[in-house]
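Worksheet: one structure, shown below.
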Amino acid sequence: MTMGRYLLHKLLSLLPVLLGITLAAFTLGVLSPGDPAELALSQGGYEPTAEQVAELERQLGLDAPYPVQYLRWVGRALSGDLGTSYRSRRPVAEELLRRLPVTLELAAWSITLACALGLFLGCAAVIGRGRWPDLLIQALTGLQLSFPAFWLGLLLILLFAETLGWLPTSGTGGAGHMLLPAVTLSSATAATAARLLRSTLLGELGKPYCTAAAARGITPARLVVRNALPNAAVPVAALLGNSLGGMLGGSVIVESIFALPGIGSYALEAIGGRDYPALQGYVLLTGLIYVGVTLLVDVVSMLLDPRVRLGGKHL
């Protein structure tokens, strides 16, 4: 199977996923408690009349059957219209695009830290396997996986911001503002990557090419980094790539703790204010981002590892 055919097959296989994302986003607004028209009119603090609610329902097309509403909503979404926020009275797409760079910056910092820490800990554990460095790293990664993000974030604020005064507690403005949120968001991913890398490295070290290299007197560190790591890193790269999509969509808690004006905090504000158009837009955007990142990871994994089979045949 050629690269072009593989991409076409992958895109076609993603169509049901994209359909499911649009259905989930639309259903979120339909099944949510309260009348959307009444919620939109009551944001100013006054009680709308039944005639006002009925008129707005007609204007918004909410009096049409659900299938018709869904098709209209998808059509508007394809043109970039995700509706108007009940709270701010501004277009949801405009709000999301304004906040998206903050979330992208946070995700970039987080995936960089996860990659660097995961590679370092995984390689260090294998080089010192069976001895105290390996045991210490396994204990550390276990601790990282056991810490909830909100708890870790609060502890980091208490230690590095409030007690030591080294870093700011919230907001944006540079690398210092992103460090603590990125550590919080990347901690569990880095631990997972380190453990996966340790496992794959040990598997590579048992193969003949590594055994032959060790017999020539290569040091353990050189054997791990120069010989085994290039092959062992492929599944780790796939893990980190898929984690990037999760970071973009799962930054709600971290952005809330550190008061970052990203799309995650926007979604949390939408939940608190029952702003369903904003929440629908968030679900749709993060779903599309996750699908796009997953497709990119699949393609990069194929390019990195020529042994990947496509439809049972080598490229």
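The values are calculated or read from the model by the stated rules, or taken from the named source; none is laboratory data. Source: prediction; values computed, not measured. Virtual Cβ from ideal backbone geometry, glycine too; neighbours counted across all protein chains shown.
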### Message
I'd like to check something: does the stretch 213-234 contain any residue that is farther than 30 Å from I127 by Cβ and of a type in the set (D, E, K, R)?
### Response
no
### Message
I need a count of the residues in the stretch 150-167 that are out of contact with any Leu (no Cβ under 6 Å at 6 or more places or on another chain) and either part of a loop (DSSP other than H, G, I, E, B) or in contact (Cβ under 8 Å) with a residue 12 or more places away in the chain (or both).
### Response
8
### Message
Just to verify a result, which residue in the stretch 88-100, among those that are surrounded by fewer than 19 Cβ atoms within 10 Å (Cβ to Cβ) and in contact with an Asp or Glu (Cβ under 9 Å, 6 or more places away or on another chain), is farthest from R274 (Cα to Cα)?
### Response
P91
### Task
Working only within the stretch 256-276, note down all residues that are within 15 Å of V30 (Cα to Cα) and touching a Ser or Thr at 6+ places or on another chain (Cβ under 6 Å).
D275, Y276
### Task
State whether one or more residues within the stretch 69-77 are of a type in the set (S, T, Y), in contact with a Pro (Cβ under 7 Å, 6 or more places away or on another chain) and at pLDDT 80 or above.
no
#### Entry: Residue identified as surrounded by 14 or more Cβ atoms within 10 Å (Cβ to Cβ) and among the polar types (S, T, N, Q) among T163, T103
T103
### Message
Which count do you get for residues in the stretch 111-129 that are farther than 14 Å from V224 by Cβ and either among the aliphatic types (A, V, I, L, M) or modelled with pLDDT under 90 (or both)?
### Response
5
### Task
Can you tell me which residue among A54, A37, A24 is under 14 Å from Y276 (Cα atoms), of a type in the set (A, V, I, L, M, F, W, C) and at pLDDT 75 or above?
A24
### Message
If G176 meets every condition in (1) crowded, with 17+ Cβ neighbours inside 10 Å; (2) touching a Pro at 6+ places or on another chain (Cβ under 7 Å); (3) without any contact (Cβ under 8 Å) to a residue 40 or more places away in the chain apart from one, which number is that one?
### Response
(1)
## Note on the structure
Residue pairs within 6 Å by beta carbon, gap of at least six or interchain, first lying in the stretch 55-84 and in a helix (DSSP H, G or I), second modelled with pLDDT of 80 or more and of a type outside the set (A, V, I, L, M), listed first then second, are Y70/F26; W73/F26; V74/T22
### Task
Could you tell me which numbered condition M3 fails, if it satisfies all but one of (1) loosely packed, with under 14 Cβ neighbours inside 10 Å; (2) hydrophobic (A, V, I, L, M, F, W, C); (3) at pLDDT 75 or above; (4) farther than 25 Å from G272 by Cα?
(3)
### Query
Restricting the stretch 127-143 to residues that are of a type in the set (G, A, S) and in a helix (DSSP H, G or I), which is farthest from L196 (Cα to Cα)?
A139
### Query
Could you list, in sequence order, the residues of the stretch 173-231 that are out of contact with any helix residue (DSSP H, G or I) (no Cβ under 9 Å at 6 or more places or on another chain), closer than 20 Å to I111 by Cβ and small (G, A, S)?
G174, G176
